[in-house]
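Undergrad: Structure provided below as structure tokens; questions to follow.
The values are calculated or read from the model by the stated rules, or taken from the named source; none is laboratory data. Worth saying up front: this structure is predicted, and the values here are computed from it rather than measured. Cβ sites come from the backbone with ideal geometry, for glycine too, and all protein chains shown count toward neighbours. Note: accessible area is taken over every heavy atom of the protein model, side chains too, but ligands, DNA and RNA are not part of it. Shrake-Rupley method; radii C 1.70, N 1.55, O 1.52, S 1.80 Å.
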Amino acid sequence: MDKCPICGDSRWNDDKTTGKKVPHKVLRYFPLTSRLRRMYCSRHTAKEMTWHSTGRSETGKMCHPVDGLAWKEFDTKYPEFSKEPINVRLALAADGFNPFGNLTHPHSTWPVILTTYNTPPWLCMKETSFMLTLLIPGPKSPGKDMDVFLRPLVDELKMLWDEGVQVRDAATNTVFTMRAALLWTINDFPARSSLSGWSGQGYKACPTCNEDTLSCRVMGKIVYVGHRRFLPTKHHWRSSPSFNGKSERRAPPRRFNPATVLRQLASIQIRKPGKHPHLRNVKISRKQKKFNWSKKSIFFKLKYWSSLSLKHNFDLMHIEKNVHESLLGTLLMNDKSKDTVNERKDLKDLGIREEEWRQETDDKTIKPHPKYSFTLENRERLCQFIKRFKLPNGFGSNFKNKVNDNCTNIIGLKTHDSHILMQRLLPIGVRGYLDKNISTTICELCTFF
């Protein structure tokens, strides 16, 4: 096409030129069907494509998504699809990156990658199993208009679900009709907002709590509170006054079923996608302000998408590294600490934890040392413990090089190093350097993540 079927604008920057025409933007799409066919062309990979039907865990532990509740619910809702182990189940991951490696030159290119969950866990997460399907150009992030670029992929997924394609299985030397389904996406929080349509900003930013999100405004910013309601009913943290001087008796937020989500989406205002000049400076009013929906995702064009119990997953390694940096930074009182001057002001505005408020005198301001942070002596003892710890070759970084010269801070940790510290070293190290209640609290936090 030379013109947009929606707004009628030309596809080209200059449609009157006699030479080679230059398009406004180029989307690179690599078809999925041919690569799924290729996985059945080798008898070795074709045999692994049916592993999910025979490799379920017998110990009760989740070793693969096939052992999860979402997979089993999908099998129950679509028995015609699930009875054929040769049918393909996919997961989608997307995120932006700067291809130039220069932070002074802002640019965001978005690759969209698919992987197959038919194969065992030691294969489905290998780089050789990843299939690049879309390369969304920059220089800006697509944001809410992500659906414009996902259109060719969704069209092919619809065809693979409704009709399927003829494929030859090299393991059995037979020809069968292969179908495919997209089970969920895996992203960080901002990318999830672009794909799902639920905005990650505002008073109702939590996609799980939905309209039950608890939040308030402090010092010109929105903070999210009430996390203790996710704990078991008889958990001792619920009755502890250490958080805000009150006990927590509220139940966890409701679980919103697919029918409720569809009713919410039916009430939002539909807008044209894209950044057309006619749409600039036009405020989009919401009929229901209690919802954070900004659009209805293009994935709802897939017949099975609305019935999925788990549509979007968070990248655990991203979240774990952020939590670890905040937790370790607060313990060691470094530049990643969440115990700052503004946070002490927030405590005073909220009227909680009076013993940690800043104390102002005639000539100076005193910030009381909190009981959840190390003293200088204990900081050095913890860093020396981390420094002496040795890992098997290739398992992680050399922690000896991550501790600074005066043994007061740990810097330069990678994502996997944060995972090792959260799961193993940090719970062991804090037990000897903090009082019993605080060390137990930190160990339980590490266990939760």
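Undergrad: What tally of residues in the range 36-89 results from selecting those that are in a helix (DSSP H, G or I), closer than 15 Å to P120 by Cβ and not β-branched (V, I, T)?
TA: Residues flagged as in a helix (DSSP H, G or I), closer than 15 Å to P120 by Cβ and not β-branched (V, I, T) within the range 36-89 amount to 11.
Undergrad: Still on this structure, please answer the following. With the checklist (1) without any contact (Cβ under 8 Å) to a residue 24 or more places away in the chain; (2) surrounded by 14 or more Cβ atoms within 10 Å (Cβ to Cβ); (3) in contact with a Gly (Cβ under 9 Å, 6 or more places away or on another chain) in hand, flag the one item I113 doesn't pass.
TA: Among (1) without any contact (Cβ under 8 Å) to a residue 24 or more places away in the chain; (2) surrounded by 14 or more Cβ atoms within 10 Å (Cβ to Cβ); (3) in contact with a Gly (Cβ under 9 Å, 6 or more places away or on another chain), the lone unmet condition for I113 is (3).
Undergrad: If you go through the range 397-427, how many residues are assigned to a loop (DSSP other than H, G, I, E, B) and surrounded by fewer than 17 Cβ atoms within 10 Å (Cβ to Cβ)?
TA: The qualifying residues number 10.
Undergrad: Only residues that are farther than 19 Å from M125 by Cβ and crowded, with 21+ Cβ neighbours inside 10 Å: list them for the range 182-193, please.
TA: R192, S193, listed by residue number.
Undergrad: Another question, if that's okay. Considering only residues that are assigned to a loop (DSSP other than H, G, I, E, B) and open to solvent by 60 Å² or more (accessible area, probe 1.4 Å), which ones fall in the range 230-246?
TA: P232, T233, K234, P241, S242, F243, N244, K246
Undergrad: From the list R89, R37, R11, exactly one residue is open to solvent by 80 Å² or more (accessible area, probe 1.4 Å) and touching a Pro at 6+ places or on another chain (Cβ under 9 Å). Which is it? Lay out the reasoning, then the answer.
TA: Values: R89 fails: open to solvent by 80 Å² or more (accessible area, probe 1.4 Å); R37 fails: touching a Pro at 6+ places or on another chain (Cβ under 9 Å).
Of the residues listed, the single one that is open to solvent by 80 Å² or more (accessible area, probe 1.4 Å) and touching a Pro at 6+ places or on another chain (Cβ under 9 Å) is R11.
Undergrad: While we're looking at this one, here's another question. Only residues that are of a type outside the set (A, V, I, L, M, F, W, C), open to solvent by less than 10 Å² (accessible area, probe 1.4 Å) and closer than 23 Å to P252 by Cα: list them for the range 197-212, please. Even if it seems obvious, please write down each step before you answer.
TA: First pass over the range 197-212, keeping only residues of a type outside the set (A, V, I, L, M, F, W, C): 197, 199-204, 207-208, 210-212.
Within this subset, residues satisfying the condition of being open to solvent by less than 10 Å² (accessible area, probe 1.4 Å) are 197, 210.
Passing the criteria: only N210.
Undergrad: Given K296, K321, which one is outside any strand (DSSP E or B), at pLDDT 85 or above and touching a Leu at 6+ places or on another chain (Cβ under 6 Å)?
TA: K296
Yes or no, residue by residue, for (1) without any contact (Cβ under 8 Å) to a residue 40 or more places away in the chain; (2) closer than 13 Å to H312 by Cα:
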| site | (1), (2) |
| --- | --- |
| Q166 | yes, no |
| A170 | no, no |
| A181 | no, no |
| F189 | no, yes |
| S196 | no, yes |
| A205 | no, no |
| N210 | no, no |
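Undergrad: When the residues of the range 329-364 are narrowed to those that are under 31 Å from the mean Cα position of the chain (by Cα) and part of a loop (DSSP other than H, G, I, E, B), which ends up surrounded by the fewest Cβ atoms within 10 Å (Cβ to Cβ)?
TA: The extreme case among them is D335.
Undergrad: Also, I was wondering about something else. Within the range 365-384, track down each residue that is more than 23 Å from N398 (Cα to Cα), open to solvent by 70 Å² or more (accessible area, probe 1.4 Å) and either in contact (Cβ under 8 Å) with a residue 40 or more places away in the chain or assigned to a loop (DSSP other than H, G, I, E, B) (or both).
TA: K367, H369, K371
Undergrad: Follow-up. Restricting to the range 212-224, name every residue that is without any contact (Cβ under 8 Å) to a residue 12 or more places away in the chain and either part of a loop (DSSP other than H, G, I, E, B) or among the aliphatic types (A, V, I, L, M) (or both).
TA: Residue satisfying the conditions is G220 alone.
Undergrad: Right, another one. Quick one: V165 ticks every box in (1) open to solvent by 30 Å² or more (accessible area, probe 1.4 Å); (2) under 30 Å from P79 (Cα atoms) bar one, so which box is it?
TA: Single failed check for V165: (1).
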